[in-house]
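Visitor: Got a structure for you, questions after.
Each value in this text was obtained by applying a stated rule to the coordinates, not by laboratory testing. The model shown is predicted, which means the values in this text are computed figures rather than measured ones. Cβ: placed from backbone, ideal geometry, glycine included. Neighbour counts: every protein chain shown.
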């Protein structure tokens, strides 16, 4: 991930199902992270989180809610940059529409980033990574990074 952070090319990551474990950490280093609306993204499974926190894997549903691993939650926390809608209906037609949406988004980001210098690409990635999530300041107030 350290080496990946220094790459002088744009990195675009797309979570299409379940982004988890060490791979989830690497995805976070990307310049842009997109996520299908029904995908999940976390460094640990809800079962693993539940087992560690409560010594009870059967509380996975409760753990999943606390983990904020949905596309909507992660967008609000600035972990991902865009949610890609998943149309309902015929599986083949849905796949085609999702593919078209992803292609459009990827082309747009590549076009946007082509105007940036190599240094700006690396700096943008660094700033994105530094500004994700939320934190508690020492005065006890909660600060949430907002869009």
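Visitor: Specify the residue with the greatest mean-square fluctuation among 112, 92, 18, computed from a Gaussian network of the chain linking alpha-carbon atoms under 10 Å apart.
Guide: Per the Cα network of the chain with a 10 Å cutoff, 92 tops the list.
Visitor: So for the range 30-139, averaging the separation of alpha carbon pairs under 8 Å that are six or more residues apart and normalising by length, what relative contact order in percent results?
Guide: So the answer I get is 29 percent.
Visitor: Along Cα→Cβ, 7 Å out, is where each label goes; now give me the distance between the ones at residue 114 and residue 91 in nm to one decimal.
Guide: 3.7
Visitor: What does a probe at residue 100 reach in the range 30-44, counting residues whose amide N is under 18 Å from the point 7 Å along Cα→Cβ?
Guide: Correct set: 37.
Visitor: Using every alpha carbon pair in the chain, what percent of pairs falls into each 5 Å bin from 0 up to the bin containing the largest distance?
Guide: 2, 9, 15, 18, 19, 17, 11, 6, 3, 1, 0
Visitor: Okay, next question. Put a dot 7 Å past each Cα toward the Cβ at residue 123 and residue 72; how far apart are the dots in nm?
Guide: 3.7
Visitor: By the gyration tensor of its Cα atoms, with a ≥ b ≥ c the square roots of the eigenvalues, what is the shape of the range 60-127: rounded for a/c under 1.5, prolate for a/b over b/c, or oblate?
Guide: Numbers: a/c = 4.18, a/b = 1.21, b/c = 3.46.
Note, shape of the range 60-127 comes out oblate.
Visitor: Given points 7 Å out from each Cα along the Cα-Cβ axis, report the residue 61 to residue 16 separation in nanometres with one decimal.
Guide: Here the answer is 3.0 nm between the modelled labels.
Visitor: Once you've got the GNM for the chain with C-alpha springs shorter than 10 Å, pick whichever of 129, 95, 34 has the biggest mean-square fluctuation.
Guide: Greatest mean-square fluctuation among the candidates belongs to 95.
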